[in-house]
Amino acid sequence: MRNLLLHIAYNGSRYHGYQVQQNAVSVAGTFQPVLEKILAEKVQLKGCSRTDTGVHANDFAVSFKTNCRIPCEGLVRALNNDLPPDMAALRCEEVDEEFHARYSCTGKRYIYKIRNSEIRSPFEQDQVWVYYKYPIDAEALNVAAQGFIGTYDYQAFCSPGGSVEDTVRTIYEFTVRRDGEMVEFSVTGSGFLYNMVRIMVGTLLAAGMGKIPCTPEAIRAIVLSKNRARAGGRVPPCGLYLDKVYYEPIEGQQS
């Protein structure tokens, strides 16, 4: 039996997250039947993460064991012939028997995209936050975002409803940059809590509007407070992308 690691990408606009749901369209619920039809067998699909409704993925990883002998390249081609237009198989490889898409993961990178303009974009609906008209000083927010970096209890950046008891995570890198009207937030960490990235971005935007001091020290103080009420709001899911899943050491990660 082979253990395969498969990377996929998807536009999350019409999906209610990754997990299979009884009464809603999900990523796994759409992808798995196509995969099983090609393999001609049932598989236990293991996803690298859960994504919320409307969240996208440039790189989402799944692993599964199969008796099928289709070469990895052939499996990718077959999947891309049958998957819906808003989903694609990127690459596939054989991995060790004990490999698990979630538990073997060493970290993830998310990006969040905002169209910072007084005019709504009619072409990027559901792909980015298309209408944020308040000025964003990307350089100032990039400096303030450094207050997130380190290993801390990020309870202040977790929405109610998450089932995780251990809220300690490590953030390795957080950058904010502007390209014309597009502002992109990029954060790499060992893992993330429920809505954590969306609340981090919302907190930086609040700092940019002067609701809290726009400094690394102020951001760090919110982290250390472990008080959700001190952090900013939660930005919409449409601008969030799971951008990369790591299965190797991350720069800045302690060995």
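The values are calculated or read from the model by the stated rules, or taken from the named source; none is laboratory data. This structure is a prediction, so every number in the text was calculated from the model and none was measured. No Cβ is skipped: glycine too gets one built from the backbone with ideal geometry, and neighbour counts run over all protein chains shown. Side chains included, ligands, DNA and RNA excluded: accessible areas come from the protein's heavy atoms. Shrake-Rupley method; radii C 1.70, N 1.55, O 1.52, S 1.80 Å.
Scan region 205-235 residue by residue and report those that are within 15 Å of Tyr112 (Cα to Cα) and either without any contact (Cβ under 8 Å) to a residue 12 or more places away in the chain or open to solvent by less than 40 Å² (accessible area, probe 1.4 Å) (or both). Quick ask: steps written out before the conclusion?
Within region 205-235, the subset within 15 Å of Tyr112 (Cα to Cα) is 205, 233-235.
Leu205, Val235 - these are the residues of region 205-235 that are within 15 Å of Tyr112 (Cα to Cα) and either without any contact (Cβ under 8 Å) to a residue 12 or more places away in the chain or open to solvent by less than 40 Å² (accessible area, probe 1.4 Å) (or both).
Given the conditions (1) surrounded by 19 or more Cβ atoms within 10 Å (Cβ to Cβ); (2) modelled with pLDDT of 95 or more, which single one is not true for Gly17?
So Gly17 meets the others, but not (2).
Return yes when Ile199 is more than 27 Å from Ser117 (Cβ to Cβ), open to solvent by less than 30 Å² (accessible area, probe 1.4 Å) and part of a helix (DSSP H, G or I) and no when it is not. Even if it seems obvious, please write down each step before you answer.
Details: more than 27 Å from Ser117 (Cβ to Cβ): no; open to solvent by less than 30 Å² (accessible area, probe 1.4 Å): yes; part of a helix (DSSP H, G or I): yes.
For Ile199, the condition - more than 27 Å from Ser117 (Cβ to Cβ), open to solvent by less than 30 Å² (accessible area, probe 1.4 Å) and part of a helix (DSSP H, G or I) - is not met.
From the residues in region 6-21 that are in a strand (DSSP E or B) and touching a Lys or Arg at 6+ places or on another chain (Cβ under 8 Å), which one is farthest from Leu90 (Cα to Cα)? If you could, list the steps in order and put the result at the bottom.
Within region 6-21, the subset in a strand (DSSP E or B) is 6-10.
Okay, now just the ones that are also touching a Lys or Arg at 6+ places or on another chain (Cβ under 8 Å), so 6-7.
Working: Leu6: 8, His7: 5 Å.
Among residues in region 6-21 that are in a strand (DSSP E or B) and touching a Lys or Arg at 6+ places or on another chain (Cβ under 8 Å), the one farthest from Leu90 (Cα to Cα) is Leu6.
Can you tell me which condition Ile38 does not meet? The list is (1) out of contact with any Leu (no Cβ under 7 Å at 6 or more places or on another chain); (2) over 16 Å from Leu242 (Cβ atoms); (3) touching a residue at least 12 places away in the same chain (Cβ under 8 Å); (4) aliphatic (A, V, I, L, M), and all the others hold.
(1)
Cβ-Cβ below 7 Å, separation at least six or inter-chain, first residue in region 77-94 and closer than 16 Å to Leu5 by Cα, second hydroxyl-bearing (Ser, Thr, Tyr) and open to solvent by 30 Å² or more (accessible area, probe 1.4 Å): which pairs?
If the second residue must be hydroxyl-bearing (Ser, Thr, Tyr) and open to solvent by 30 Å² or more (accessible area, probe 1.4 Å), no pairs are left.
Of Ala88, Ala28, Ala78, which residue is among the small types (Gly, Ala, Ser) and part of a strand (DSSP E or B)? Talk me through it step by step, then tell me what you get.
On the way: Ala28 fails: part of a strand (DSSP E or B); Ala78 fails: part of a strand (DSSP E or B).
The match here is Ala88.
Of all residues in region 114-148, how many are hydrophobic (A, V, I, L, M, F, W, C) and more than 25 Å from His56 (Cβ to Cβ)? Can you show your working first?
To start, the set of residues in region 114-148 that are hydrophobic (A, V, I, L, M, F, W, C) comprises 114, 119, 123, 128-130, 136, 138, 140-141, 143-145, 148.
When the remaining residues are screened for being more than 25 Å from His56 (Cβ to Cβ), the result is 140, 143-144.
The qualifying residues number 3.
Restricting attention to region 171-192, which residues are in a strand (DSSP E or B) and either closer than 13 Å to Gly107 by Cα or of a type in the set (Ser, Thr, Tyr) (or both)?
Step one: of region 171-192, the residues in a strand (DSSP E or B) are 171-179, 182-189.
Result: Ile171, Tyr172, Glu173, Thr175, Ser186, Val187, Thr188, Gly189.
Considering only region 102-131, how many residues are closer than 30 Å to Thr170 by Cβ, part of a loop (DSSP other than H, G, I, E, B) and open to solvent by less than 50 Å² (accessible area, probe 1.4 Å)? Break it down stepwise before answering.
Within region 102-131, the first condition is being closer than 30 Å to Thr170 by Cβ, and the residues that meet it are 102-114, 116, 127-129.
Subset that is part of a loop (DSSP other than H, G, I, E, B): 102-106, 116, 127-128.
Right, trim to open to solvent by less than 50 Å² (accessible area, probe 1.4 Å) and you get 104-106, 116, 128.
Number of matching residues: 5.
With the requirement that a residue be of a type in the set (Val, Ile, Thr) and closer than 17 Å to Gly208 by Cβ, what does region 159-181 give you? Can you show your working first?
Within region 159-181, the first condition is being of a type in the set (Val, Ile, Thr), and the residues that meet it are 164, 167-168, 170-171, 175-176.
Hits for region 159-181 are Thr175, Val176.
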